[in-house]
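Working notes, beginning with the structure itself.
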Amino acid sequence: MNIQQVLSQRIEMRVANAALESAQAKARLEEVAARPDLNLEFGYKRTQLVDTTAGTNSALVGVQITLPLMDRNQGNRASANAEVLRQQQLLAETQANVLADYYSALEQYQLRAKEVSGILRPLREHAKEVSDISQAAYAQGGTDLLRLLDGERARLDAEVGYVQGMVEYQQSIVDLEAAEGATP
């Protein structure tokens, strides 16, 4: 799995990206709020007095502009921009943590895979051969019971080590899948 897929699948990254997008939207809103307001007014009015038959028609047109001379929303804009910077830093921190988790889990997986294939399997096979030889020698009367028990103990110790190694290997697979953001 490549790094971009890992970063896109992890929940922490999705949350951090959403928080950054929210902060950027808030900053854009505060920038828009600093612009002047423009209002256009227009209308039509008919006035007819009670004692006359003719009326007066009039039209009304108006423009109103609110100029922010003193308050340009500077405080809210600065706060929103600071929040964007903070969210960018949190996103970078989250990305670093996710990558550290992934590389650590990948390294553990590779180490456990090499351990199982390079050390534990050959050790298990060798202990089995030693046990078989000691059993055959004991059956033919070529060795005593103590040597037979030593061979069996070595085989059992190798089996226990192999099982523990396989458990650690399987756990490293689960840890790697979790670090990749795979859902169970």
(request) Report yes if some residue within region 93-109 is under 30 Å from N2 (Cα atoms), touching a Lys or Arg at 6+ places or on another chain (Cβ under 6 Å) and either acidic (D, E) or part of a helix (DSSP H, G or I) (or both); otherwise report no. (result) yes
(request) Mind listing whichever residues of region 32-54 are charged (D, E, K, R), surrounded by fewer than 11 Cβ atoms within 10 Å (Cβ to Cβ) and at pLDDT below 90? (result) D37, K45, R46, D51
(message) I'd like to check something: does region 14-31 contain any residue that is of a type in the set (A, V, I, L, M), in contact (Cβ under 8 Å) with a residue 60 or more places away in the chain, surrounded by 11 or more Cβ atoms within 10 Å (Cβ to Cβ) and assigned to a loop (DSSP other than H, G, I, E, B)?
(response) no
(message) I'm trying to understand the selection: among the residues of region 55-74, which are under 14 Å from A34 (Cβ atoms) and either exposed (fewer than 10 other Cβ atoms within 10 Å of the Cβ) or at pLDDT 90 or above (or both)?
(response) L67, L69, M70, D71
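What do you reckon, is L176 touching a Phe, Trp or Tyr at 6+ places or on another chain (Cβ under 7 Å), in contact (Cβ under 8 Å) with a residue 40 or more places away in the chain, within 26 Å of A18 (Cα to Cα) and part of a helix (DSSP H, G or I)? Walk me through it before giving the result.
Working: touching a Phe, Trp or Tyr at 6+ places or on another chain (Cβ under 7 Å): yes; in contact (Cβ under 8 Å) with a residue 40 or more places away in the chain: yes; within 26 Å of A18 (Cα to Cα): yes; part of a helix (DSSP H, G or I): yes.
So L176 fits the description; yes.
The values are calculated or read from the model by the stated rules, or taken from the named source; none is laboratory data. Treat the numbers as computed from the prediction; the structure is a model and nothing was measured. Cβ: placed from backbone, ideal geometry, glycine included. Neighbour counts: every protein chain shown.
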